[in-house]
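**Q** Shown below is the structure under consideration.
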């Protein structure tokens, strides 16, 4: 196909992805009570599943004092139109998360004709793992990173005279940013595996620069942490480093790359 024919095909991909995104956004928008009360606002109280699990674990080891204290984060709104626009922004964010596999599939249909059979198999597997790891990252952000962050920051006080008054915008910003960014950073193993397949990196290289990677990941965690506090930074940096170790396991070694070249 010519350049303009390729451009027209890509326009169709964008159009189909946008239609799916809009439909999902409308569905999420009309289910406001379920989305906010059951999902988004669930981590703000000690009834959330993570807090219950931590309390059960503390009781199991015989140290109830290590369990989370009763917790309820009160939210307030100080801007007239903030709740309406928050509703729209949240609807878009959740629709984007749900539509990610469909969008990736549309991108796959666009690049598939240009690939050889062996390349199609590799790239198709990469797209599948991208979707799986993205959702795994989103779930990690929702069930682990975000609850621990707001539990610590929402109850922390420099003095008992200073009461925490958390705005709705602050809560939603923290929620959407941490959940979506965790979904994105969970793509690290797929990215490094593809780079190792291309010969850019190798298992041995990742092992050699493990300490350097830890410093870089810590810096990256500091950049993507919305609140900038040390606790959230650690909570974000820990999964990043674990993902790096997983990347070492799934990447190709130099000897494996050479064997594949010889076989080819």
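The values are calculated or read from the model by the stated rules, or taken from the named source; none is laboratory data. Being a predicted model, the structure only gives us computed values, none of them experimental. Using ideal geometry, Cβ is built from the backbone for each residue, glycine included, and neighbour counts are taken over all protein chains shown.
**Q** How many residues does segment 215-242 contain that are exposed (fewer than 14 other Cβ atoms within 10 Å of the Cβ) and at negative phi?
**A** Selection size over segment 215-242: 7.
**Q** Of all the helices (runs of 4 or more DSSP H) wholly in segment 149-259, which have at least 2 residues that are under 23 Å from residue 128 (Cα atoms) and at pLDDT 80 or above?
**A** Qualifying helices (runs of 4 or more DSSP H): 168-185, 188-197, 230-250.
**Q** Please go through segment 52-85 and pick out each residue that is in contact (Cβ under 8 Å) with a residue 24 or more places away in the chain, out of contact with any strand residue (DSSP E or B) (no Cβ under 8 Å at 6 or more places or on another chain) and closer than 19 Å to residue 153 by Cβ.
**A** Of everything in segment 52-85, those that are in contact (Cβ under 8 Å) with a residue 24 or more places away in the chain, out of contact with any strand residue (DSSP E or B) (no Cβ under 8 Å at 6 or more places or on another chain) and closer than 19 Å to residue 153 by Cβ turn out to be 68, 69, 70.
**Q** Could we say that residue 12 is within 16 Å of residue 105 (Cα to Cα), more than 22 Å from the chain's Cα centre (by Cα) and exposed (fewer than 14 other Cβ atoms within 10 Å of the Cβ) here?
**A** Taking the combined requirement at face value, the residue satisfies it.
**Q** Look through segment 15-50, keep the residues that are within 17 Å of residue 147 (Cβ to Cβ) and more than 21 Å from the chain's Cα centre (by Cα), and return whichever of them is surrounded by the fewest Cβ atoms within 10 Å (Cβ to Cβ).
**A** Among them, the one singled out is 37.
**Q** Could you tell me which of the residues 220, 205, 195, 233 is within 16 Å of residue 137 (Cβ to Cβ) and either under 17 Å from the mean Cα position of the chain (by Cα) or not assigned by TED's automatic domain parsing to the domain that holds residue 142 (or both)?
**A** Result: 220 is the single residue among 220, 205, 195, 233 that is within 16 Å of residue 137 (Cβ to Cβ) and either under 17 Å from the mean Cα position of the chain (by Cα) or not assigned by TED's automatic domain parsing to the domain that holds residue 142 (or both).
**Q** With the structure loaded, tell me whether residue 167 is surrounded by fewer than 20 Cβ atoms within 10 Å (Cβ to Cβ) and in contact with a helix residue (DSSP H, G or I) (Cβ under 9 Å, 6 or more places away or on another chain) or whether it fails that test.
**A** Yes; evaluated as a whole, the condition is true for this residue.
**Q** Consider residue 180 carefully, then state whether it is over 11 Å from the mean Cα position of the chain (by Cα) and touching a residue at least 40 places away in the same chain (Cβ under 8 Å).
**A** no
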